[in-house]
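The values are calculated or read from the model by the stated rules, or taken from the named source; none is laboratory data. Keep in mind that this is a model prediction, so the values were computed, not measured. With ideal geometry, Cβ positions are generated from the backbone for all residues, glycine too; neighbour counts draw on all protein chains shown. Only protein heavy atoms, including side chains, enter the accessible area calculation; ligands, DNA and RNA are left aside. Shrake-Rupley method; radii C 1.70, N 1.55, O 1.52, S 1.80 Å.
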Amino acid sequence: MSTGATRKSSTKTRSPSTSKNTNSSKTSKTKVARGKGDELHQLAGGNIAPLTTQQGIPVSDDQNSLKAGPRGPVLLEDFAFREKIFHFDHERIPERVVHARGYGAHGYFQLTKSLAHVTRANIFQRVGEKTEAFVRFSTVAGSKGSFDLARDVRGFAVKLYTKEGNWDLVGNNIPVFFIQDAIKFPDVIHAVKPEPDREFPQAQSAHDNFWDFISLTPESMHMIMWIMSDRAIPRSFRFMEGFGVHTFRFVDAKGKSTFVKFHWKPKLGLQSVAWNEAVKINGADPDFHRRDLWDAISSGNFPEWDLGVQLFDQKFADDFEFDVLDPTKIIPEEVLPVQIVGRLVLDRLVDNFFAHTEQVAFCTQNVPPGIDFSNDPLLQGRNFSYLDTQLKRLGSPNFTYLPVNAPRCPFANFQQDGHMATRNPTGRANYEPNSWGVAGGPREHPDNGFKSFAASDEGEKQRTRPESFADHYSQARMFYRSQTPIEQKHIADALVFELSKVEHLHIRKRMVSHLPNIDSTLAAQVAKGLGIDVPEQAEALIPPMDVPTSEALSIILRGPKSFKGRKLGIFASDGADARLVASLISTFEKEGATCEIVAPKIAGVILSDGRQLVAKQKIDGGPSVLYDAVALIFSEEQANVLAKDAVSKDFLRDAFAHCKFVAYSPRVQSFIAAAGLSDELDEGCFEISSSQTVSSFLKACRELRYWRREPSVDFDAQ
Ligand code: HDE
């Protein structure tokens, strides 16, 4: 023990305690050492549970470590201190190698149409029956602490706790993938992640490595069209579709197989943000998507999706012009309709992020009897990867006992022990066969147990791609040509943006050389946006075909008919017309939308009738990018004052530039002029003064954006 600290003066004692306690009366030293804990405990009436170590030993002082004298060295003997620091040091587990940033919620699946005729899967038998579910949404490339609105695929992973075991449908919000064979997965992910020498850029595909890989991988072109489209910058998880991507099999009680593709369709419709908006949202609110889900569920607006299936047989698969095992292809809904068979509702937030969202372990190989795999080589590779990665992340094969991962149906087998075994069988038999009768443990079930579909596959062992996977451009073309002109412009803009961040000209050119195979106008626009000539067309293994376009691929053509679930930002000033504010709020809330008040000060504003309207955001923290539509309700006097405030003007300028519907109260011309928009106002802008004009504004907002404005405010790829 050190005896170095021999100074006795109590006035030298340092403590985090209150000033009252630091007065150096005789007893103050002891009081200080015992610290806040006791005091707060008493404040709460002594009903707080005592703080203990992990071993249950009550802790007397959690403010000061054990020392040899007030200024002496800390003693190794202090087991409470050591345990606390030891546990803290080990709080982190490895983040997911992909899809690290995610957000989850609990809910249920409810069957609305029986699928008993095609599958024996228990979950699809009884209409009306509910099955517990956990869903985790994610981005792919960014690390756990990255921002929500990266241009990226969104993970849409669903765990369904069925009566015959867990079914993990680990999908994305885009129905195709970059590659056709799982052996290329580490390459595509390495290429998109931060470059290994410099460890940037974070959560972005706009860099040389990504486009170098992509431009050398023509099979990715269909996926690239989706990734460059607004699908990759969704407004929120609640407004995006989900897809199982691969072809799976349903298997009925007699062992007959039907191919199936899974779709999740958001009840609120599809909606995305604009790219310039996404860039700004990431600064204003990096948690934009998780906050949206949190707010929706906590306010009782439970997000909901329909489950749809595309069912087909071997004959359809043989006749279809693309290979149904190729994960870079879709079967258009117009060719094979999506039948709605159930609904997924998220109605419960997690109460501990780590326990649920971080520890949830999705495994594509988790399928109950009645659901089976196809030979899609990506799916087959995933079936190895997911189990493997969970061991790395969660550290023990017993991750299946964690509450979020454990099946809700009974489960029993002879697997035993291992790190953190928390569920241990009792009794003598830990092997099978045994002759211990009932005490001998569980037995296999030849009738009800999982049986793989008896597919007959044979062939020479070879490392090869089937010829039927060789058409890399036709569906990319189909996707591009199925978009409305404004969506096509966004794809071109996105390519110009991304390739402008690529430093090496030969990579930019190599990428653009693929585009004429997709669409010559697209190629010309992107080349122009980059300031280069369209390079010589990349050679296609199979010349692209024109296949019929599909309306279902356009967000705008499948847009919602209402403003439900969206958010109106009301920027109000002192003296704002109280009746107008009330009318806006009641009209939009009746529609099922949320209204958020933005004001110069967080305390809010005093309305024309003298009442105070509390703000949710101070203007500097509530830019218009956070809202789907905006209304400016100012008094004439305050409009003149705010006309001098740059942030207030940005609120309007951005809303206008992002093609939002804008409403404004009468006599705010000075503000609009100061924002430079006096001559720009168009049919997407509404002067509102009565409940009729508020209704017309809402009616317009149902269209979500006034896209007709975009060509006059954004020249990216023009
Ligand atoms: Fe994943 N993927 N993936 N993936 N994936 C993972 O598993 C992998 C692919 C998807 O919220 C990892 O638990 C391979 C397609 C989602 O926890 C890992 C291949 C689709 C999530 C893995 C793919 C997905 C993951 C990392 C190519 C859409 C997040 C952490 C064959 C159908 C799940 C983990 C969650 C996560 C491997 C391709 C969706 C490494 C090898 C295609 C939604 O196992």
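Counting only DSSP beta bridges with both residues in the chain, the antiparallel share comes to about 75 percent. Accessible area per residue (1.4 Å probe, heavy atoms of protein chains only) ranks LEU349, LEU541 as LEU541, LEU349, with the largest value leading. Placing +1 on the Cβ of every Lys and Arg and -1 on the Cβ of every Asp and Glu, with nothing else charged, gives the chain a dipole about its Cα centre of roughly 3120 debye. Relative contact order of region 468-553: 48 percent, from C-alpha pairs under 8 Å at least 6 residues apart in sequence. Per residue, the accessible area of region 567-713 comes to 42 Å², computed with a 1.4 Å probe over protein heavy atoms only. Averaging Cα coordinates gives a centre for region 104-157 and one for region 243-292; these two points are 9 Å apart.
When the pairs LYS564/LYS649; LYS501/LYS618; LYS567/LYS590 are compared against a 23 Å limit on Cα-Cα distance, LYS564/LYS649; LYS501/LYS618 fall above it. Take the Cα of ARG558, go 7 Å toward its beta carbon, and the backbone nitrogen atoms of region 339-380 under 15 Å from that spot belong to 339-341. When the Cα centres of region 449-504 and region 672-715 are compared, how far apart do they sit, in Å? What the calculation gives is 38 Å, centre to centre.
Rounded, prolate or oblate: which one fits the chain, using the alpha carbon gyration tensor with axes a ≥ b ≥ c (rounded when a/c is under 1.5, else prolate when a/b beats b/c, else oblate)? Taking the square roots of the gyration eigenvalues as a ≥ b ≥ c, the chain is oblate.
For the set THR400, THR162, the ranking by accessible area, highest first and with no ligand, DNA or RNA atoms included, is THR400, THR162 under a 1.4 Å probe.
Please label the shape of region 40-179 as rounded, prolate or oblate, based on the square roots a ≥ b ≥ c of the eigenvalues of the alpha-carbon gyration tensor (a/c under 1.5 means rounded; beyond that, a/b larger than b/c means prolate, else oblate). Prolate shape, in that a/c is at least 1.5 and a/b is the bigger ratio. Listed by chain and number, the lysines whose C-alpha is less than 18 Å from the C-alpha of LYS256, apart from same-chain residues fewer than 8 away, are LYS315, LYS451.
Using Cα-Cα distances under 8 Å and only pairs 6 or more residues apart, what relative contact order does region 567-713 have, in percent?
24 percent
Divided by 2.2 N^0.38 Å, where N counts the residues, the Cα radius of gyration of region 468-553 comes to 1.08. The peptide list 143-154, 76-87, put in order of mean Cβ contacts within 10 Å with the highest first, becomes 143-154, 76-87.
Listed by chain and number, the aspartates and glutamates whose C-alpha is less than 15 Å from the C-alpha of LYS329, apart from same-chain residues fewer than 8 away, are ASP181, GLU219, ASP318, ASP319, GLU321, ASP376, GLU467, ASP471, ASP546.
With a simple spin-label model that places each label point 7 Å from the Cα along the Cα-to-Cβ direction, the separation between ASP78 and GLN415 comes to 4.3 nm. For the cross-link pairs LYS159/LYS254; LYS113/LYS267; LYS84/LYS193; LYS163/LYS265, the ones whose C-alpha atoms lie over 29 Å apart are LYS84/LYS193. Spatially, region 420-443 and region 563-613 are offset by 65 Å when compared through their Cα centroids. Only protein atoms count toward the accessible area here, which uses a 1.4 Å probe; on region 567-713, the carbon and sulfur part of that area reaches 50 percent. Mean sequence separation of contacting Cα pairs (under 8 Å, at least six apart), scaled by the length of region 171-276, corresponds to a relative contact order of 29 percent.
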